[in-house]
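Asker: Starting off with a structure, shown below.
The values are calculated or read from the model by the stated rules, or taken from the named source; none is laboratory data. Computed from a predicted structure; not experimentally measured. No Cβ is skipped: glycine too gets one built from the backbone with ideal geometry, and neighbour counts run over all protein chains shown. All accessible areas refer to the heavy atoms of the entire protein, side chains included, with ligands and DNA or RNA removed. Shrake-Rupley method; radii C 1.70, N 1.55, O 1.52, S 1.80 Å.
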Amino acid sequence: MKLNEGNQMTKHVLITGGNRGIGRAFVEHYLKAGWNVTACCREPKRAVELSILKSNYEHLKVLELDVSLSESVASLAQELAGTSVELLINNAGYYGPKGVKFGNSDASEWRKVIEVNTIAPLLLTEALYRNLKHGSNPVAVFISSKVGSMEDNTSGGGYYYRSSKAALNSVVKSLSIDLKEDGIKCVALHPGWVLTAMGGPKALIDTDMSVKGMMAVIDELTWEQSGEFYDYQGKEIPW
Ligand SMILES: NC(=O)c1ccc[n+]([C@@H]2O[C@H](COP(=O)([O-])OP(=O)(O)OC[C@H]3O[C@@H](n4cnc5c(N)ncnc54)[C@H](OP(=O)(O)O)[C@@H]3O)[C@@H](O)[C@H]2O)c1
């Protein structure tokens, strides 16, 4: 049975990188809100927390997806053919090696960051375009980062990650224009500095606060806000 055949009124969200960190919190909060949730991750068999959630929520589906592999994206799209998606959350992200200083840049490491953070969200949105188009009031969310903002950059460095998120923001702006006539809103969101493996132990907020805030922003997203860049509290971030 297709995920949302049982109840045509139930909305469907697909979340990448749903096994840990911010993605896992999105999965839990949307389940609690009654949505059909497709949580994607690279290794479903090792996603212990998703297995626990699955035993409590029958409207959770866990699917394998490595966002940087075209075969993986194609097989996900095939699996979901004919299923509408109201909300796509491109959350999976990769920082790359930390502390790389000017003079030590490595092109192959940079490419890996760009693959996951910039190229994959666009290709996945293309692969799931029909699903979104058939969704009711569909939204494509792109988890970006304030460090991709030019205006916010006062400390330099972070070449791989900063450039990958700045380029993602550019992708989001174009998508918001190209998908407008299909009724698909697009938005770049900064989750805050969040206590996850990526955010580290000095981060300022937990995943619950970040995700609850972003869910409110998504829920209230207007057409004027499509193609813009906001933080988890709905504050606009300069490009
Ligand atoms: N934490 C922060 O302070 C912060 C701030 C600004 C923006 N962000 C953004 O928020 C998003 C979530 O970050 P997080 O803090 O939750 O990070 P995290 O705890 O490091 O989790 C990263 C997630 O991305 C997944 N992922 C990485 N590469 C992937 C790939 N090729 N295919 C599929 N999944 C992949 C990981 O899966 P595996 O478990 O398989 O590795 C994991 O689920 C990212 O886009 C990040 O850039 C985070």
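Asker: Specify the residue that is most open to solvent (accessible area, probe 1.4 Å); the eligible residues are those in segment 20-45 that are in a loop (DSSP other than H, G, I, E, B) and farther than 16 Å from residue 56 by Cα.
Answerer: Applying the filter and picking the extreme gives 42.
Asker: Continuing with this model, one more query. Using the structure shown, decide if residue 170 is free of Cβ contacts under 8 Å to residues at least 24 places away in the same chain and surrounded by 13 or more Cβ atoms within 10 Å (Cβ to Cβ). Spell out how you get there, then give the answer.
Answerer: On the way: free of Cβ contacts under 8 Å to residues at least 24 places away in the same chain: yes; surrounded by 13 or more Cβ atoms within 10 Å (Cβ to Cβ): yes.
The answer is yes for residue 170.
Asker: OK, next. Looking at this structure, is residue 234 more than 14 Å from the ligand (Cβ to nearest atom), part of a loop (DSSP other than H, G, I, E, B) and at pLDDT 95 or above?
Answerer: Details: more than 14 Å from the ligand (Cβ to nearest atom): yes; part of a loop (DSSP other than H, G, I, E, B): yes; at pLDDT 95 or above: yes.
The answer is yes for residue 234.
Asker: In addition: What do you reckon, is residue 109 more than 15 Å from residue 42 (Cα to Cα), touching a residue at least 60 places away in the same chain (Cβ under 8 Å) and either out of contact with any strand residue (DSSP E or B) (no Cβ under 8 Å at 6 or more places or on another chain) or of a type in the set (D, E, K, R) (or both)? Talk me through it step by step, then tell me what you get.
Answerer: Numbers: more than 15 Å from residue 42 (Cα to Cα): yes; touching a residue at least 60 places away in the same chain (Cβ under 8 Å): no; either out of contact with any strand residue (DSSP E or B) (no Cβ under 8 Å at 6 or more places or on another chain) or of a type in the set (D, E, K, R) (or both): yes.
So residue 109 does not fit the description; no.
Asker: Within segment 52-65, identify whether any single residue is within 11 Å of the ligand (Cβ to nearest atom) and open to solvent by 70 Å² or more (accessible area, probe 1.4 Å), and answer yes or no.
Answerer: Looking for residues that are within 11 Å of the ligand (Cβ to nearest atom) and open to solvent by 70 Å² or more (accessible area, probe 1.4 Å), one finds at least one in segment 52-65, hence yes.
Asker: Further, regarding this structure: Any chance segment 193-205 includes a residue that's open to solvent by less than 40 Å² (accessible area, probe 1.4 Å) and in a helix (DSSP H, G or I)?
Answerer: No - not one qualifying residue is present in segment 193-205.
Asker: So which residues in segment 122-146 are more than 16 Å from residue 75 (Cα to Cα) and under 17 Å from the mean Cα position of the chain (by Cα)?
Answerer: Quick first cut of segment 122-146, residues more than 16 Å from residue 75 (Cα to Cα) only: 122, 132-146.
Those that are more than 16 Å from residue 75 (Cα to Cα) and under 17 Å from the mean Cα position of the chain (by Cα): 122, 132, 138, 139, 140, 141, 142, 143, 144, 145, 146.
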